[in-house]
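These notes concern the structure reproduced below.
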Amino acid sequence: MENNLIDVRKGLLLLEQHDKNADFDILDVENKVNILNYALSESVSIYWPNLALNWIEKNPYIISNSLENVLLELANKSWVKQAMKQKIRRLLKRS
């Protein structure tokens, strides 16, 4: 079986450039979810989670059980600002 997973670091760069090109959008759902999970759960700054949330806001179909759990965990982190917590809650209500 062929492994079509891409490196998460490369995926983060595609996410970062998604407004300029469609490379992130053409990834399969599994790759997108892996990259979004990583951006939301492994970042030590607000930059990557914010990019991920902005993309999810435009593409709410992507929210799965695993992504929903990561969003809930992010909303409970002490360093997350209130505005981001509210954005997460809005996304979860829409899903």
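Throughout, read-outs are computed from the coordinates displayed, never taken from laboratory work. Bear in mind the structure is a predicted one, so any value in this text is a computation, not a measurement. In this analysis, Cβ positions are derived from the backbone assuming ideal geometry, glycine residues included, and neighbour counts consider all displayed protein chains.
Given labels modelled 7 Å from the Cα in the Cβ direction, how far is it in nm from S95 to I46?
About 2.2 nm, to one decimal.
What's the extension gain from V8 to Q82 if we count 0.36 nm per residue and subtract their Cα-Cα distance?
Taking V8 through Q82 to full extension adds about 23.9 nm, to one decimal.
Where does the charge balance sit around L12 when Lys and Arg score +1, Asp and Glu -1, over other residues with C-beta under 13 Å from its C-beta?
-1
Considering only the other residues whose Cβ falls under 13 Å of the Cβ of S66, what net charge follows from Lys and Arg at +1 and Asp and Glu at -1?
Working: positive: K32; negative: E30, E68, E73.
Net of charged neighbours comes to -2.
Where does the Debye-calculated log10 I(q)/I(0) of the chain sit at q = 0.15 Å⁻¹, using only Cα point scatterers of equal weight, no solvent?
Rounded to two decimals, the profile gives -0.54.
Would you grab the residues whose amide H sits under 5 Å from the one on L27? Only those 5+ places off in sequence or on another chain, please, with H modelled 1.01 Å from N.
none
For the chain, with only Lys/Arg (+1) and Asp/Glu (-1) charged at the beta-carbon, what is the dipole magnitude about the Cα centre, in debye rounded to 20?
The dipole magnitude comes to about 680 debye.
With everything on Cα atoms, drop me the angle between helix 65-75 and the longest principal axis of the chain, reported from 0 to 90° to the nearest 10.
Compared with the principal axis, the helix lies near 40 degrees.
I need to check one value: relative contact order of the chain, counting alpha carbon pairs closer than 8 Å and at least 6 residues apart, in percent. Please list the in-between numbers first.
Details: 66 pairs, mean separation 22.5, N = 95.
Taking the mean separation of contacting Cα pairs over the length of the chain, I get 24 percent.
In whole angstrom, note down how far apart the Cα centers of region 80-95 and region 12-27 are.
Measuring centre to centre over Cα atoms gives 23 Å.
Once phi is turned into ³J(HN,Hα) by the Karplus curve 6.51 cos²θ - 1.76 cosθ + 1.60 with θ = phi - 60°, what whole-Hz value does each residue of region 46-59 show in order, with x for glycine and proline?
Those phi angles translate into 7, 4, 5, x, 5, 4, 4, 5, 4, 5, 4, 4, 7, 9 Hz.
Taking neighbour counts of Cβ atoms within 10 Å as a proxy for exposure, in what order, fewest first, do L15, L91 appear?
Lowest count first: L91, L15.
Would you mind checking which residues have amide H under 5 Å from N59's amide H? H placed 1.01 Å from N; only 5 or more apart, or other chain.
none
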